[in-house]
Amino acid sequence: MARIEGSLGADGVTVKFGQPSAAMAFRSSFSGMSGDARAKLTFAMGTLEEQSSNEIRVYEVPLPAPSGRPVRTLHRDPPAAVASQPDPVTRIVWQPDFARSSERLIASGEALRLYEYSDGGDGASLRPIRVFRPPQLHTANTEASSEDSLLTSCDWSWGESWKAAACAEEGNVTLFDLNRGEAVSTFIAHPTGMDDVRFGSSSLLTAGRDGQLRHFDLRTKPTAFCCLYSNTGPDAAPNCREGPILRIETNPLDENFVALIEREDMRVTIVDLRKVNKPFCARSTSFPTGIAWHPANSKRLLSTYERGQLIMWSIESTKDAEQHRTKSVGGLGLREEAFGVQWSRVHTDWKALQHIDSVVLTNALADTDRDMLSYV
């Protein structure tokens, strides 16, 4: 268990939004960036106002110049680009791969919306392109039509750049063709509701309120699935706590590893898809609020906790190499609770700690081999 010491003892830039936010995502590639943009942390955020209109904002934050000592600053510049969105934003995903001077992103809310971002010489812009609404599909958990239900999450396929997925709170998943502007298929993934969805190379992973992590092979009928993990019923994993799975994250470098957060459980559970009957856990003394895999090291996982903690975990093999385990290799005490964490794929030392109306960009724990914080 990590011993959490001190506060944020590294470079940090705070960006205040002035409105509540639940969705934030770093730009995912250098491609198409101008020279100036490459020296910045570019991210999009979405506001979460239930009674008024919302916005998607893109910020470009200059990286602090190396000074040999921690630099803390407050970013005072307005967003580089803003687009109106009528409904609250639950998740934002940038296009994983592209070859143009602009970049697209998707945002889930009451619908799935596609935007195009450009940071060209005439200034940055964020332009709405399409709005996608899932077809209506009845489930036992449906209390309203699919047009009125909330899309709790979305994801963009890494292997097929035209394909996106969105999940609805009543348990439906819809696959969209972003180029043709239409829904490809809709199916019931979890009859009791769901909160998250992620793509694999040829599959879809879903997090259900029934406590199950399900795998759908997109090469066959998408309605056929296998259960990779469960905290309920006769197939429940040992020592787990029954409840919904709130968040899943696939490892960007090794898709065999999937990390997940469960409600009222102080563990981050990791499932190896090659050994689904042997999940392993990262245990803490507080409830996890966010998880993010290292974009350049498949054996590192970062998590935030309710008590204002940030912990880096290392994934290790046991002596017989038949199982895996976690070991804490660094930790920080935060000044306030962070409800989520994101890791930049462009500037891999930098993370974002999400707060209700702000985000702190930091390079803390950039090198855990030389980190001076103590741990056990």
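The values are calculated or read from the model by the stated rules, or taken from the named source; none is laboratory data. Keep in mind the model is a prediction, meaning the values are calculated, not measured. Quick reminder, even Gly has a Cβ in these numbers, built from the backbone with ideal geometry, and neighbours come from all protein chains shown.
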- How many residues does the stretch 1-54 contain that are modelled with pLDDT under 75 and of a type in the set (A, V, I, L, M)? 7
- How about the stretch 259-291: which of its residues are in a loop (DSSP other than H, G, I, E, B) and without any contact (Cβ under 8 Å) to a residue 40 or more places away in the chain? ARG263, GLU264, ASP265, MET266, ARG274, ASN277, SER286, PHE287
- Item | VAL197, sole failed condition from (1) of a type outside the set (Ser, Thr, Tyr); (2) at pLDDT below 95; (3) closer than 20 Å to GLY340 by Cα | (2)
- Query: Counting only residues that are part of a loop (DSSP other than H, G, I, E, B), in contact with a Gly (Cβ under 7 Å, 6 or more places away or on another chain) and closer than 23 Å to THR326 by Cα, how many does the stretch 219-243 have?
  - Reply: 3
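Looking for whichever is more than 21 Å from the chain's Cα centre (by Cα), closer than 20 Å to LEU205 by Cβ and surrounded by fewer than 21 Cβ atoms within 10 Å (Cβ to Cβ) here; the options are LYS278, LYS327. Which one fits?
Being more than 21 Å from the chain's Cα centre (by Cα), closer than 20 Å to LEU205 by Cβ and surrounded by fewer than 21 Cβ atoms within 10 Å (Cβ to Cβ) holds for just one of LYS278, LYS327, which is LYS278.
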- Looking at (1) surrounded by fewer than 21 Cβ atoms within 10 Å (Cβ to Cβ); (2) more than 17 Å from ALA259 (Cβ to Cβ); (3) at pLDDT 90 or above, find the lone condition where GLU336 falls short. (3)
- Task: Could you tell me which of the residues SER185, SER161, SER202 is in contact with an Asp or Glu (Cβ under 8 Å, 6 or more places away or on another chain) and surrounded by fewer than 16 Cβ atoms within 10 Å (Cβ to Cβ)?
- Result: SER202
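Is it fair to say GLU316 is surrounded by fewer than 19 Cβ atoms within 10 Å (Cβ to Cβ) and modelled with pLDDT under 90?
No, not satisfied.
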- In the stretch 55-76, which residue that is of a type in the set (D, E, K, R) and touching a residue at least 12 places away in the same chain (Cβ under 8 Å) is nearest to ALA10 (Cα to Cα)? ARG72
- In the stretch 292-330, the residues that are among the aliphatic types (A, V, I, L, M) and either assigned to a strand (DSSP E or B) or touching a Cys at 6+ places or on another chain (Cβ under 9 Å) (or both): ALA292, LEU301, LEU302, LEU310, ILE311, MET312, ILE315, VAL329
- Elements of type strands (runs of 3 or more DSSP E) in the stretch 47-95, at least 2 residues being under 14 Å from SER21 (Cα atoms): 54-62, 91-94
- Does ARG100 satisfy the condition of being surrounded by fewer than 18 Cβ atoms within 10 Å (Cβ to Cβ), modelled with pLDDT under 90 and either touching a Leu at 6+ places or on another chain (Cβ under 9 Å) or aromatic (Phe, Trp, Tyr) (or both)? no
- Please work out which residue is surrounded by the most Cβ atoms within 10 Å (Cβ to Cβ), limiting yourself to the stretch 221-266 and to residues that are closer than 9 Å to GLY211 by Cα and acidic (Asp, Glu). GLU262
- Message: Checking THR186 against (1) in a loop (DSSP other than H, G, I, E, B); (2) closer than 23 Å to SER161 by Cα; (3) in contact (Cβ under 8 Å) with a residue 12 or more places away in the chain, only one condition comes out false. Which one?
- Response: (1)
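For every residue, the table says whether it meets (1) over 19 Å from the mean Cα position of the chain (by Cα); (2) modelled with pLDDT of 95 or more.
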position: ASN179; (1), (2): yes, no
position: SER185; (1), (2): yes, no
position: LEU205; (1), (2): no, yes
position: PRO222; (1), (2): yes, no
position: CYS226; (1), (2): yes, no
position: GLY233; (1), (2): yes, no
position: PRO238; (1), (2): yes, no
position: ASN256; (1), (2): no, no
